[in-house]
């Protein structure tokens, strides 16, 4: 009878320890699976918002090309994200644009596109005979006059870091300094 009792006790202890190990594995696997499912869901969500565009401006590289005589920048990470420089829309003349040797400036439309659909239209300014290409400044009253500025965290400045031209000034900050435009955060 003692052997049967030892056998039954061994079976019970073995079953309980097996159940305990299996249950702990189940709980841990469930948590891991939920985390992985969450990550995959995030990876598979549609990426078609202006925020996604802004993220790619900061994190991806962009390749400049010409399509049908139009300058287009294509995102290397996702080629459905494109920046298209539109046609010249008008002459443009403000104090911050006339400090360069060639005082002629023009306004251009720049289109942000996802899958060929325009999601945002911005205005950029071509200055110094086309050698400088920067976003339109914002302005605010200051000391009885007007202060021109670019917000360094704005979509326009992030876009300029991809498609802008600065000629001999090498950076938007240097163009801002020459043009008497403030850089704010």
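We did not get these values from a lab; they are worked out from the coordinates using the rules stated. These numbers were taken from a predicted model, which means no experiment stands behind them. Using ideal geometry, Cβ is built from the backbone for each residue, glycine included, and neighbour counts are taken over all protein chains shown.
Between the alpha-carbon centers of the range 124-171 and the range 1-43, tell me the distance in whole angstrom.
One Cα centre to the other: 62 Å.
By how many nm would the segment from residue 32 to residue 17 lengthen if fully extended, with 0.36 nm per residue of separation less the alpha-carbon distance?
3.2 nm
Efficiency by 1/(1 + (r/R0)^6): what FRET value for residue 165 and residue 41, r their Cβ-Cβ distance, R0 = 45 Å, to the nearest 0.05?
0.65
Which order do peptides 16-23, 120-127, 91-98 fall in by mean Cβ count within 10 Å, highest first?
120-127, 91-98, 16-23
Could you check the simple spin-label distance between residue 103 and residue 7, using points 7 Å along Cα→Cβ, in nm with one decimal?
About 10.9 nm, to one decimal.
Would you indicate which of (1) 29.6, 109; (2) 20.0, 65; (3) 16.3, 54 is the value of Rg and Dmax of the Cα atoms in Å derived from the coordinates of this structure?
(1)
Once the mean 1/r over all distinct Cα pairs of the range 63-142 is inverted, what Kirkwood radius in angstroms do you read off?
Radius from the Kirkwood sum: 13.8 Å.
Using only Cα atoms and rounding to the nearest 10 degrees, what angle (0 to 90) does helix 50-59 make with the longest principal axis of the chain?
90
What order, most packed first, do the peptides 1-14, 157-170 have when packing is the mean number of other Cβ atoms within 10 Å of each residue?
157-170, 1-14
Suppose we keep just the DSSP beta bridges with both residues in the chain; what percent of those would be antiparallel, to 5?
So the antiparallel bridges amount to about 90 percent of the total.
Give the angle, between 0 and 90 degrees and rounded to the nearest 10, that separates the Cα long axis of helix 2-44 from the longest principal axis of the Cα atoms of the chain.
That helix lies at roughly 10 degrees to the long axis.
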